[in-house]
Amino acid sequence: MRQAAFLVGICIFAGSVQAYPIDGYPHTGIRRLDYCTAARAGETSGCQLPPGATLSVDDVKPRLLESTAPFDFPSDPEYGRQIRDMLGEDSARYGIALLDLTDRDNPAYAEHNADIRENVGSVGKMLVGLAFFQTLADIYPTNVEARHELLKNTWITADEFVISDHHKALFWDVDTREREYRQIRVGDRGSLYDWLDWMLSASNNSAASTIEKQLILLKHFGADYPVDAEREAEFFKTHDATELGRIFLDTMNGAVIRNGLDPELIRQGSFFTRTGKQRVAGTTSYGNPREFVHLLYLMEQGQLVDQYSSTELKRLLYMTQRRIRYASHPALNSYAVYFKSGSLYSCKPEPDFVCKQYQGNKRNQLASLAIVEGPMDSLDYHYLVVVSSNVLYKNSAVEHQTLALRVHRMIEARHAARIEAEKAAQTGAPVASGIGDAPLDDGTSMPLYERLEDATPDGSRPDSD
């Protein structure tokens with residue numbers, strides 16, 4: 001195989017979720033997928049999936065490949081009003097962008113405070129993935145097979161760039177069939193696909209910094225990547241933090257610009273671990289709801305880099321493990337959810353106030369990025385949504401979960417009657433009356449889960465970087 005070689009004040013969270021269709025092991029070599037396949041077959045425990053997480057790899061692909069329409073949609077006033085109403089007294093602390101593609105011929109876009117620009121935490125890992133796939137495409141513009149072979153067969157050994165991260169990742173030995181769930185350590189090995197999966201599924205910061213390091217090497221060495229340990233060491237010895245930071249930021253921002261996106265609105269400007277930040281100079285990171293929906297729209301068109309890259313990035317976002325935050329409401333169980341989330345909260349001294357996860361009294365930011373499509377038997381509904389919030393004191397994980405239900409019910413109310421009428425016309429069955437007239441669900445008709453594992457799904461402490 002090819003080789004390459006403060007809880008005081010502020011806490012950053014990236015919940016542990018898992019992605020990529022579970023039958024994708026032969027395609028990618030991602031070992032977690034082999035584990036999940038074994039668990040589903042009864043060979044080992046774990047990997048209990050909702051119906052919406054069981055799509056085959058062949059079924060997870062961009063859904064707007066025939067569309068060349070630009071991201072230039074007028075805002076739907078009724079959707080906008082309903083979104084503002086469902087947010088209530090906290091509306092000023094939310095930014096939301098929603099693109100409803102359920103009626104393919106009549107897409108509906110709505111937004112609320114969608115021009116805000118905030119730190120979106122681990123949602124920025126999506127931009128790291130974009131930059132990596134863009135750089136691969138620049139090196140092998142017409143050779144998708146070379147790109148795929150490199151992702152699958154280039155193995156990386158963890159070094160000091162993984163220090164430090166409290167998030168855990170799943171390690172599965174395909175030969176011994178033994179499983180570990182732990183933090184990434186110096187010396188751990190995985191293919192580039194494994195590292196991308198750990199970054200975008202488990203949202204592991206050590207994995208993200210490893211991919212960011214490999215991005216610098218890929219950009220510098222081009223078609224010679226991966227290089228041997230001696231050339232890699234010499235490169236980092238002869239380039240200081242400022243020089244490395246320039247390569248990193250030029251590559252990150254360049255990918256955003258190349259795809260028609262605005263680096264003044266979405267930017268991942270630094271590494272995700274303490275050592276990464278020390279070794280590579282960075283800058284601020286931020287995101288914007290509207291521009292992230294734009295990114296998702298390009299991915300659904302197969303235009304985020306190209307069709308191959310769009311497909312693989314979408315598969316890497318496909319949730320195939322326990323769902324959290326926005327994606328965790330039971331109303332979405334029968335829906336495929338493609339998801340990334342990031343949290344940043346901080347607390348200040350206050351009488352009778354206890355600082356809790358996701359419930360900061362100084363800062364309580366949570367960002368959720370999702371594509372929702374389903375239910376599994378029809379895939380009738382399809383929408384893209386990005387939420388950025390900073391609601392103090394409240395459990396933002398539960399607030400996003402409740403919002404997911406309300407957005408979903410709003411979209412159902414708009415389309416249910418039309419969808420049923422179309423199906424009835426095909427089968428000759430009678431149409432029930434009033435399907436689309438149900439009042440907006442206030443979130444109390446289904447269980448809301450304010451669970452400890454929603455705050456720390458892997459049982460670990462929050463990040464300290």
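Can you check what the Kirkwood hydrodynamic radius comes to for region 136-245, Cα pairs only, in Å to one decimal? Before the final figure, lay out each step's value.
Working: mean 1/r = 0.0669 Å⁻¹.
Here the Kirkwood hydrodynamic radius works out to 14.9 Å.
Just to be sure I understand the model, the point goes 7 Å from the Cα along the line to the Cβ. What's the resulting Ala421 to Asp105 distance in nm?
Each label point is offset 7 Å from its Cα along the Cβ direction, giving 1.2 nm.
Calculate what fraction, in whole %, of the accessible area of region 105-240 sits on carbon and sulfur atoms when a 1.4 Å probe is rolled over the protein chains.
Summing carbon and sulfur atoms, their accessible area is 44 percent of the total for region 105-240.
If we count every other residue with Cβ under 11 angstrom of Leu99's Cβ, Lys/Arg +1 and Asp/Glu -1, where does the sum land? Don't skip to the end; give the middle numbers.
Numbers: positive: Arg290; negative: Asp76, Asp100, Glu111, Glu300.
Net of charged neighbours comes to -3.
Among bridges DSSP assigns within the chain, what percent are antiparallel (round to 5)?
Numbers: 50 of 54 bridges.
Once the DSSP bridges in the chain are tallied, antiparallel ones form about 95 percent.
If packing is taken as the average count of other Cβ atoms within 10 Å, what order do 411-419, 211-219 fall into, highest mean first? The partial results should precede the final answer.
Values: 411-419: 18.3, 211-219: 23.1.
Answer by packing, highest mean first, reads 211-219, 411-419.
Assuming 0.36 nm per residue, please report the length gained on full extension of the stretch Thr284 to Asp58 beyond their Cα-Cα distance.
Once the chain is fully extended between Thr284 and Asp58, it gains 77.6 nm.
Can you tell me how the chain classifies by the Cα gyration tensor, rounded, prolate or oblate, using a/c under 1.5 as the rounded cut? Let's see the in-between values first.
On the way: a/c = 1.55, a/b = 1.35, b/c = 1.15.
It comes out prolate by the Cα gyration axes.
Provide the gained length on full extension for the span Asp250 to Asp224, in nm with one decimal, where the gain is 0.36 nm per separating residue minus the Cα-Cα distance. Don't skip to the end; give the middle numbers.
Values: separation 26, 0.36 × 26 = 9.36 nm, distance 1.98 nm.
That pair, Asp250 and Asp224, stretches by 7.4 nm at full extension.
Please give me the summed charge of the neighbours of Val60: other residues whose Cβ is under 13 Å from its Cβ, Lys and Arg +1, Asp and Glu -1. Don't jump to the answer; show the numbers that get you there.
Numbers: positive: Lys61, Arg63, Lys314, Arg315; negative: Asp23, Asp58, Asp59, Glu300, Glu312, Glu373.
Neighbourhood net charge equals -2.
How many nm separate the modelled label positions at Ala69 and Val174, each set 7 Å beyond the Cα in the direction of the Cβ?
Each label point is offset 7 Å from its Cα along the Cβ direction, giving 4.1 nm.
Quick check: from the Cα gyration tensor, does region 237-316 come out rounded (a/c under 1.5), prolate or oblate? List each step's numbers first, then the result.
Values: a/c = 2.33, a/b = 1.92, b/c = 1.21.
Judged from the Cα gyration tensor, region 237-316 comes out prolate (a/c at least 1.5, a/b above b/c).
Anything over 29 Å Cα to Cα? Flag those among Lys125/Lys362; Lys125/Lys219; Lys168/Lys277; Lys213/Lys394; Lys152/Lys340, in the order listed. Spell out each step's value before the answer.
Numbers: Lys125/Lys362 25 Å; Lys125/Lys219 18 Å; Lys168/Lys277 20 Å; Lys213/Lys394 36 Å; Lys152/Lys340 23 Å.
Beyond 29 Å: Lys213/Lys394.
Would region 335-385 count as rounded, prolate or oblate if I go by the C-alpha gyration tensor, calling it rounded below 1.5 in a/c and otherwise prolate when a/b exceeds b/c, oblate otherwise?
Values: a/c = 5.44, a/b = 3.75, b/c = 1.45.
It comes out prolate by the Cα gyration axes.
Excluding Val123 itself, what net charge comes from residues whose Cβ is under 13 Å from its Cβ, given Lys and Arg +1 and Asp and Glu -1? Don't jump to the answer; show the numbers that get you there.
On the way: positive: Arg117, Lys125, Arg267, Arg325, Lys340; negative: Glu118, Glu291.
It works out to a net charge of +3.
Using the heavy atoms of the protein chains alone and a 1.4 angstrom probe, what is the accessible area of region 289-388 per residue in square angstrom? Walk me through the numbers on the way to the answer.
Numbers: 2520 Å² over 100 residues.
In whole numbers, region 289-388 has 25 Å² accessible per residue.
Taking the Cβ-Cβ separation of Ser45 and Arg231 as r and a Förster radius of 41 Å, what is the calculated FRET efficiency to the nearest 0.05?
Numbers: r = 43 Å, r/R0 = 1.05.
Calculated value: 0.40.
The values are calculated or read from the model by the stated rules, or taken from the named source; none is laboratory data. Remember, it's a predicted structure, so these values are computed and weren't measured experimentally. No Cβ is skipped: glycine too gets one built from the backbone with ideal geometry, and neighbour counts run over all protein chains shown. Only protein heavy atoms, including side chains, enter the accessible area calculation; ligands, DNA and RNA are left aside. Shrake-Rupley method; radii C 1.70, N 1.55, O 1.52, S 1.80 Å.
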